[in-house]
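Participant: Sharing a structure, written as structure tokens. Questions coming.
The values are calculated or read from the model by the stated rules, or taken from the named source; none is laboratory data. Computed from a predicted model, the values in this text were never measured in an experiment. All Cβ positions, even for glycine, are placed from backbone atoms using ideal geometry, and neighbour counts span all protein chains on display. The area values use the complete protein model at the heavy-atom level, side chains included, leaving out ligands, DNA and RNA. Shrake-Rupley method; radii C 1.70, N 1.55, O 1.52, S 1.80 Å.
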Amino acid sequence: QVQVAESGGGLVQPGGSARLSCLVSGSISSILTTGWYRRSAEKARELVGTISSSGATNLADSVKGRFTISRDRTKNTVDLQMNDLKPEDTAVYSCSVITCSGGYWGQGTQVTVSS
């Protein structure tokens, strides 16, 4: 079993930054990939970025150059650093963990980009 919990987010002004953290606990040795997804009222859920167990990262074209994804093994977290935020980045951001036995989701955290 794996437990996933997101933190961070909130209200951010356009052009600002925010950092989301995905805390993973439980059978973390079985994790294959961790990903950040987002869903808004206007769009279906979309992949923001992933990081594999080896540390390889992948980011959606819409966020490349603005977002980075990283892992802190000492804290068991996968962080999403978001810079130069735009109103279209407004969404509920969720963390997903894929393991050998299945996938697990957190409850999500709201990011609102507005002046």
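Participant: Taking only protein heavy atoms into account and a 1.4 Å probe, give the accessible area per residue of the chain in Å².
Facilitator: Averaged over the residues of the chain, the accessible area is 53 Å².
Participant: Another question, then. Suppose every Lys and Arg Cβ carries +1 and every Asp and Glu Cβ carries -1, with no other charges. What dipole size does the chain come out with about its Cα centre, to the nearest 20 debye?
Facilitator: So the magnitude is around 140 debye.
Participant: Along the charge dipole of the chain, pointing to its positive end and built from +1/-1 on Cβ of Lys, Arg, Asp and Glu, which listed residue (Gly16, Met82, Ser54) has its Cα farthest out?
Facilitator: The Cα lying farthest towards the positive end belongs to Ser54.
Participant: Pop out the ³J(HN,Hα) list for region 73-86 in order, Karplus 6.51 cos²θ - 1.76 cosθ + 1.60 with θ = phi - 60°, rounded to Hz; leave Gly and Pro as x.
Facilitator: Working through the residues one at a time gives 5, 6, 9, 6, 10, 10, 9, 10, 8, 10, 10, 6, 5, 10 Hz.
Participant: While we're here: Name all residues of region 16-54 having a backbone nitrogen under 15 Å from the label point set 7 Å from the Cα of Ser70 along its Cα→Cβ direction, giving them as ranges.
Facilitator: Taking a point 7 Å out along Cα→Cβ of Ser70, the residues of region 16-54 whose backbone N falls under 15 Å are 18-22, 51.
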